[in-house]
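Read the structure below first, then the notes.
The values are calculated or read from the model by the stated rules, or taken from the named source; none is laboratory data. If you're wondering where the values come from, they're calculated on a predicted model, not measured in any experiment. Neighbour counts run over all protein chains shown; Cβ positions are idealised from the backbone, glycine included.
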Amino acid sequence: MEITLALLKPHVLRNTYALNQIKALIGNNFKVLEAKEVQITKELSERFYAEHKGKFFYHRLTSFMNSGPCYALILQADAGIQKWRQLMGPTKVFQAVYTEPQSIRGMYGLSDTRNACHGSDSKASALREISIIFPEYKMEKDTPQAEGQVAPQSQQTKLK
Ligand code: ATP
Ligand code: MG
């Protein structure tokens, strides 16, 4: 079992239909350990995307992530990191629309910046990103990533 951090970007939150469709997809594929609407500050967004500092889209991306609330989730599944990235589709929306039109980015992406969602790219990234977006999340309860165990049922969260 793996956990991953998923973010639904601000324009998705403004689209109730998209949000409900994506939540249903998530519910069918993952155990949701945590879920919340969160306003990411510019500073937090810059920390979150630190690996992209200096790239031409860094300011555009971090400003967009700060432009309204995001929906953040901690998801768990077998090979959950890859599973969520597969459901998201390619980073670039023109490619997503063309090659994977049924992916989340293919359906709800607007541009390379506003590409609908984020997903951690490794176990280490997942832990780092969860500590930024869910600082209150108890990592010691997070045995699945650390020891390959399933989180206790009580940790499951209902999607609202
Ligand atoms: P994410 O990290 O959001 O899950 P990813 O791992 O597929 O996506 P990264 O290369 O990590 O892609 O890029 C992080 C984010 O930066 C992308 O989701 C996208 O919004 C933005 N981004 C990446 N490349 C570009 C680009 N060429 N132009 C504009 N924005 C970009
Ligand atoms: Mg990435």
For the list (1) without any contact (Cβ under 8 Å) to a residue 24 or more places away in the chain; (2) buried (at least 20 other Cβ atoms within 10 Å of the Cβ); (3) more than 16 Å from ligand 2 (Cβ to nearest atom), I need the number of the one condition that THR16 fails.
(2)
For LEU110, the lone unmet condition from (1) closer than 15 Å to LYS9 by Cα; (2) away from ligand 1 (no atom under 11 Å from the Cβ) is (2)
Condition broken by LYS160, with the remaining ones in (1) at pLDDT 95 or above; (2) surrounded by fewer than 15 Cβ atoms within 10 Å (Cβ to Cβ) satisfied:
(1)
Tell me whether segment 85-107 contains one or more residues that are outside any helix (DSSP H, G or I), away from ligand 2 (no atom under 12 Å from the Cβ) and touching a residue at least 40 places away in the same chain (Cβ under 8 Å).
no
Which of (1) modelled with pLDDT under 95; (2) in a loop (DSSP other than H, G, I, E, B) does GLN145 not meet, given it meets every other one?
(2)
Selection from segment 79-99 of residues within 18 Å of the chain's Cα centre (by Cα), more than 11 Å from ligand 1 (Cβ to nearest atom), surrounded by 15 or more Cβ atoms within 10 Å (Cβ to Cβ) and hydrophobic (A, V, I, L, M, F, W, C) yields LEU87
With the checklist (1) exposed (fewer than 13 other Cβ atoms within 10 Å of the Cβ); (2) within 14 Å of ligand 2 (Cβ to nearest atom) in hand, flag the one item TYR58 doesn't pass.
(1)
Subset of segment 31-61 (residues that are under 18 Å from SER111 (Cα atoms) and of a type outside the set (Ser, Thr, Tyr))
HIS52, LYS55, PHE56, PHE57, HIS59, ARG60, LEU61
Tell me, which residue of segment 113-139 that is farther than 16 Å from MET65 by Cα and polar (S, T, N, Q) is nearest to ligand 1 (Cβ to nearest atom)?
SER125
Subset of segment 68-78 (residues that are of a type outside the set (S, T, N, Q) and surrounded by 18 or more Cβ atoms within 10 Å (Cβ to Cβ))
CYS70, TYR71, ALA72, LEU73, ILE74, LEU75, ALA77
Given the structure, is GLN102 within 21 Å of ASN15 (Cβ to Cβ) and surrounded by fewer than 16 Cβ atoms within 10 Å (Cβ to Cβ)?
yes
